[in-house]
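**Student:** Below is a structure I'd like to ask you about.
Taken together, the values in this text are just the output of simple stated rules run on the coordinates, not laboratory data. All figures in this text were calculated on a predicted structure; none of them were measured in a lab. Backbone-built Cβ (ideal geometry, glycine too); neighbour counts: all protein chains shown.
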Amino acid sequence: MPTLYAVLSAVAAGAGYSVLPRSLCREHLDSGRLAPLHEPEAAPPNTLVLVRRPGAETDPGVVRVRETHRRAARGR
C-alpha cells in the first residue's frame, strides 16, 4: 500500500487487519467502524528512518536535513 491512509481504507473495507497510529484511525474507532485488537501497556516508540538516494550524500540540502535530524535525535 502506498500510504497509511490506503491501509486504513483497505482495513475499513474488510481487507484484514493492520497496525495503525491511533491518531490516523480515531474517527473509525470512535464510530465503531474499526475495533482495536490489542491495547499495549505502553505506546511503542516513534522510530524514524531517514533514507536517501545513492550519491545524494554530497547534496547540501540532504546534508542539512541529515544533520538537523541527528541534532534533534541527540536532543540538541
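**Student:** Could you tally the net charge around residue 62, taking each other residue with its Cβ under 9 Å from the Cβ of residue 62, Lys/Arg +1 and Asp/Glu -1?
**Tutor:** Spelling it out: positives minus negatives among the neighbours equals +2.
**Student:** Also: Extension gain residue 41-residue 6, at 0.36 nm per residue separation less the Cα-Cα distance, in nm?
**Tutor:** Additional length available on full extension: 9.9 nm.
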